[in-house]
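Right, one structure below, let's go through it.
The values are calculated or read from the model by the stated rules, or taken from the named source; none is laboratory data. All values reported here derive from a predicted model rather than from experimental measurement. For neighbour counting, all protein chains shown are included, and Cβ atoms are generated from backbone atoms with ideal geometry for every residue, glycine included.
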Amino acid sequence: MNNNFKIHSVKFNFVMSMIMKISSYIFPLITIPYVTRALGATANGKISFASSVISYFLMFSQLGIPSYGIRECAKCRDNKEKLTKTVQELLIINSISTACSYIALITAMIMVPKLHEEPVLLIVQSFTIILNMIGMDWLYQAIEQYQYITVRNLIFKTLSVVLMIILVHNPQDYMLYNAITVLSASGSYVLNFINCRKFLEHKTFHGEYELRKHLKPIFIFFSMSVAVSIYTSLDTVMLGFMSTDKEVAFYSLGTKIKMVLATTVSTLGPVLLPRITYVLEKGEENKFRRYIEKSLHFVLLMALPFTVYFTIMAQNVIQILGGREYLPATLCMQIINFTIIPLGVGNIAVSQILTPKRNEIYSMYATIIGAVIDFALNWLLIRRFGAAGAAAATVVTEWAVACVQIRYAWADLKPAFKKIPHFALIVSNVVSVAALCALVKILPRMNVLIVMIITAVVYFGVYGFTLMITKDDLIIDYGVPAVKKILKR
């Protein structure tokens, strides 16, 4: 029985994903400056701490289902009956793990004194757990419904910004802002639950559920999630326990900026995971290799200039987004920007090679190694260096993890690395950095936002122009035609 939903091209899905990622720039530009000034560092630190704590229970409730669900549903998306059965089996497992997660959360709130301080914050944040369960975002990614995902995402982000401006005005409003962040992140999952009937059988499945076959791969993905969470959320949690709320706020701001950049660089990862799984299932090896080549080229094309530009201009970025109170976060941002490259390349190794080929066990090894390194470095560095120490620990960890991931995916990555136009990328970065440094020296004193606009236009303009001159494939094949279309309109 075939499904009747439309599968768009990779290019269309990429555009939809890019729109969503661009919104990740625009909305923080609106919200971060407003919230940091309205709430202050202490209130923001409390919310960041609560969010980080809940992220552990969310991770436990999801197990490894988000990544595993994409792969398994992509394999059977042409058969509505099999797809429905797979989704129902994963939902049953997810429901059990969610119930266990809430029991663990309630126990922790009773037993841990630190969690007694802001119980309402934690309770409100915990709604993300059940909303993620019913949301089944993995289903929509598996069947490549990126247009729906993007539109839904934009609607809820816009609604959240409006509510924030109307309701959040001073530090006493941090409870309201906490609820708005939950709505922004997870509110749209209610629509997912309602909308999923379009893609699944309406009748109840009367056969025998095969829950056991999912358990081993789910727990492998879960082990990876646990390890990844240690060196993403644990930094903030350890800062909360070992340092001050202000240090948490400084680190959180630097991390948010880095995450926007890293997710933009890794845009193709979520788009290509279901498509690569599908083509491998069909035995189309040549298509698989072309996808890896284009993806690696795109990551390096974006990651190198992002790392350099936002490291050089970090103080201006922090001043725009957080104000002078957050200037101590500058060093943290400069350090943590050096995770953008390993995050991008590691994403290709995991989501486009190891996971589609069912070799996720190697990714688990990498993340466990990373978790151990991150915990040890955080323990050593946070007490002495605060947010900057946590940032340094994260950089070392991400590079270590990426090296292990690349090692296991090297057989497929090596041919792609050989086809990267290294000369064009190196020359373009050197020329654009030289132009930026010269410009910064001659610019008169002016508003920091104007400085950022001028320097960004010059830096990325020179970068793109140099890539055209050196005839970079990706720019010539996709960038130039896209610019011509825009100019014609």
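The figures follow:
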item	result
Any hit, the stretch 318-332, residues being under 24 Å from Ala393 (Cα atoms), without any contact (Cβ under 8 Å) to a residue 24 or more places away in the chain, touching a helix residue (DSSP H, G or I) at 6+ places or on another chain (Cβ under 9 Å) and of a type outside the set (S, T, N, Q)	yes
Total residues in the stretch 98-123, condition assigned to a helix (DSSP H, G or I) and either in contact (Cβ under 8 Å) with a residue 60 or more places away in the chain or among the small types (Gly, Ala, Ser) (or both)	8
Verdict on Arg197 being modelled with pLDDT of 85 or more, more than 25 Å from Val35 (Cα to Cα) and out of contact with any Leu (no Cβ under 9 Å at 6 or more places or on another chain)	no
Unique match (being more than 19 Å from Ser223 (Cβ to Cβ), aliphatic (A, V, I, L, M) and in contact with a helix residue (DSSP H, G or I) (Cβ under 7 Å, 6 or more places away or on another chain)) among Leu63, Leu105	Leu105
Selection count where residues are at pLDDT 80 or above and among the hydroxyl-bearing types (Ser, Thr, Tyr), scope the stretch 227-276	7
Residue check, Thr277 β-branched (Val, Ile, Thr) and closer than 30 Å to Phe49 by Cβ	no
Elements of type helices (runs of 4 or more DSSP H) in the stretch 296-385, at least 2 residues being more than 18 Å from the chain's Cα centre (by Cα) and among the charged types (D, E, K, R)	360-385
Single residue of the stretch 408-443 satisfying the filter (hydroxyl-bearing (Ser, Thr, Tyr) and out of contact with any Pro (no Cβ under 7 Å at 6 or more places or on another chain)) that is surrounded by the most Cβ atoms within 10 Å (Cβ to Cβ)	Ser428
Some residue of the stretch 74-82 being touching a Phe, Trp or Tyr at 6+ places or on another chain (Cβ under 6 Å) and either farther than 30 Å from Pro356 by Cβ or assigned to a helix (DSSP H, G or I) (or both)	yes
Residue among Ile19, Ile54, Ile30 that alone is farther than 26 Å from Lys114 by Cα, at pLDDT 80 or above and either of a type in the set (Gly, Ala, Ser) or in a helix (DSSP H, G or I) (or both)	Ile19
Any hit, the stretch 278-291, residues being over 20 Å from Arg71 (Cβ atoms) and surrounded by 20 or more Cβ atoms within 10 Å (Cβ to Cβ)	no
Count of the stretch 381-407 residues which are under 19 Å from Phe241 (Cβ atoms), without any contact (Cβ under 8 Å) to a residue 12 or more places away in the chain and surrounded by fewer than 18 Cβ atoms within 10 Å (Cβ to Cβ)	1
Hits in the stretch 76-90 (condition: in contact with a helix residue (DSSP H, G or I) (Cβ under 8 Å, 6 or more places away or on another chain) and closer than 15 Å to Phe199 by Cα)	Cys76, Arg77, Leu83, Thr86, Val87
Exclusive hit being over 15 Å from Leu234 (Cβ atoms) and small (Gly, Ala, Ser), set Ala329, Ala387, Ala371	Ala329
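One line per residue, one yes/no per condition, for (1) touching a residue at least 60 places away in the same chain (Cβ under 8 Å); (2) outside any helix (DSSP H, G or I); (3) surrounded by 20 or more Cβ atoms within 10 Å (Cβ to Cβ); (4) not assigned by TED's automatic domain parsing to the domain that holds Arg358:
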| position | (1), (2), (3), (4) |
| --- | --- |
| Gln147 | yes, no, no, no |
| Lys157 | yes, no, yes, no |
| His169 | yes, yes, no, no |
| Glu247 | yes, no, yes, no |
| Tyr251 | yes, no, yes, no |
